[in-house]
Amino acid sequence: MEDKIIAENELGDWRRSHYSFQISNSVINQVVTVIGWISSRRDHGNVLFVQLRDRFGDTQILVKKKELSETIFESLKSLKEHSSIAIRGRVVEQKNSSNEFEIMPEEVKILSVSNKSAPFLTQAISSIGIDTRLDLRAIDLRRNHLQNVFKIRNTILNSIRGYLSDNYFVEVNTPKMIATATEGGAALFPIFYYDREAFLAQSPQLYKEQLTMAFENVFEIAPIFRAEPSRTNRHLSEAMSIDVEKAYVDYNDMMDYLDNLIRFVIQSINEKNQMELKSLGIDLPDMSRPFSRITYSQLIENLQNSHKYIRWGDDISPKLLKDVFGDEFYFITDWPASTKPFYVKSKKMDLLTDSNTGDDSHVLSESFDLMYGSLELSSGSTRINNKVNLMDNMKKKGLSHKAFDYHLRVFDYGVPPHAGFGLGLERLLMAILKLDNIRDATFYPRDIDRLTP
Ligand code: AMO
């Protein structure tokens, strides 16, 4: 047999004829062109098994010394994992298996040679430190484990877009370079904006609220920026937020929406990612019941009754929740207004304001957090849509009306009652796939120590 090897870094007129999943009975004995990178190799002296990976998986290339020229055999033998190659060859049934196929190469084109052995293996669940992996992230992302994680991430995004579009939401995009903070406690990244100071957006909050005036139901899937000074396994400096906002509803309606949305996402993963789930060893969360709802005040009482040190008005640390909740979705509702940002509506019925002293420290808000175990996945609320109330609340929180003039002025034109939530994409992926570190739920994590790659 005459065979050729072309060793050049040029693709030329070579194009893939089949992806790995298309190498099946229907192309048996045909000559196909497959392209990819070498994910593993087994060298048996005169026979070489090369696994060629494309975006769907591996194809086995069977390289026999006696059936190929010396050059082609030796050059395939010398290639390291991660090198990119193209193979033209005949599809044959694998020996000992009638349902598996492999390719006997006739022509080989070496597209890109890997000079180094990667410090971690493609197949293994790597025990190597996350920093070593992140330093070579593009190679790390080739590993089976992360391939499965990111395939499921893709399903989550597609299903959320599908669900919201089917429910009459419009996908929007809002500015990421902004003039004012929206999320109180979360720190801002300042930037130069021509001759002024500006900030990277902590959330699309005020813009998504304004857009309910024009579109009623909006959503945005985009990065949010938080200058998080702490090193934790659940905080990123740049995270993806799924922001949803809807006119003519309140926070109870939005909890129903969020419950249904997560249910739809889990169902989609169940339908589309059985192979990935199996390979990751993951059972999806039990979704047989609606998510339970507990008020903040009730939860504080429960914690106090079980002798935890916490006062009404405190934030609730994940550590305390760990002892109370297992791997389940639940809402904590009606948070003290003092713990929530200025745009969150207070609860009328539960106003415990002491009218003599003006003490409003026990005012509750129409708000919720969606939790999974001790991990916060989402916050949402009914928003203030009345200008006077909003200005009052801003004053209480020490915010300048002047700085928010661009926002307050639309309230002169009748902002509809509205509610919404922000759902952290990486946190959701972490919860569903039981990932230990949020950094593995994103492509190129940013944190206090990391600005590259
Ligand atoms: P909040 O600040 O609670 O609310 O953020 C909403 C959700 O975004 C995710 N998140 C993060 N994920 C990773 N790293 C971070 N540093 C980080 N910060 C936040 C979490 C969190 O629950 N505007 C409101 C939402 C709204 O009311 O619509 C907001 O930003 O999953």
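None of N167, N217, N158 is away from the ligand (no atom under 16 Å from the Cβ) and closer than 26 Å to I384 by Cα except N167.
Figure legend. Inter-residue proximity from segment 146-173: first residues in a helix (DSSP H, G or I), second residues of a type in the set (S, T, Y), beta-carbon distance below 7 Å, spacing 6+ or different chains. Indicated pairs: N148/S279; T155/S268; S159/S268. Those residues that are outside any strand (DSSP E or B) and surrounded by 16 or more Cβ atoms within 10 Å (Cβ to Cβ), I need them from segment 216-250; list them, please. Hits for segment 216-250 are E216, R226, E228, R234, H235, L236, S237, V249, D250. Just one of (1) of a type in the set (S, T, N, Q); (2) buried (at least 18 other Cβ atoms within 10 Å of the Cβ); (3) not in a strand (DSSP E or B) fails for T71. It is (2).
Residues in segment 194-208 include at least one that is surrounded by 19 or more Cβ atoms within 10 Å (Cβ to Cβ) and in contact with a helix residue (DSSP H, G or I) (Cβ under 8 Å, 6 or more places away or on another chain).
Let's see how each residue does on (1) more than 10 Å from the ligand (Cβ to nearest atom); (2) free of Cβ contacts under 8 Å to residues at least 60 places away in the same chain; (3) assigned to a strand (DSSP E or B); (4) surrounded by 18 or more Cβ atoms within 10 Å (Cβ to Cβ):
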{"residue": "F342", "(1), (2), (3), (4)": "yes, no, no, yes"}
{"residue": "H362", "(1), (2), (3), (4)": "yes, yes, no, no"}
{"residue": "S378", "(1), (2), (3), (4)": "no, no, yes, yes"}
{"residue": "S381", "(1), (2), (3), (4)": "no, no, yes, yes"}
{"residue": "D392", "(1), (2), (3), (4)": "yes, yes, no, no"}
{"residue": "S400", "(1), (2), (3), (4)": "yes, yes, no, no"}
{"residue": "A403", "(1), (2), (3), (4)": "yes, no, no, no"}
{"residue": "H407", "(1), (2), (3), (4)": "yes, no, no, yes"}
{"residue": "R439", "(1), (2), (3), (4)": "yes, no, no, yes"}
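For R450, the test of being modelled with pLDDT of 95 or more, surrounded by fewer than 20 Cβ atoms within 10 Å (Cβ to Cβ), within 13 Å of the ligand (Cβ to nearest atom) and not assigned by TED's automatic domain parsing to the domain that holds T155 is failed. Within segment 95-106, identify whether any single residue is at pLDDT 95 or above and of a type in the set (K, R), and answer yes or no. No: zero hits.
Every residue in segment 351-402 that is within 26 Å of F329 (Cα to Cα) and at pLDDT below 95, please. Hits for segment 351-402: nothing passes.
The values are calculated or read from the model by the stated rules, or taken from the named source; none is laboratory data. What you are looking at is a predicted structure, and each value in this text was computed from that prediction instead of being measured. No Cβ is skipped: glycine too gets one built from the backbone with ideal geometry, and neighbour counts run over all protein chains shown.
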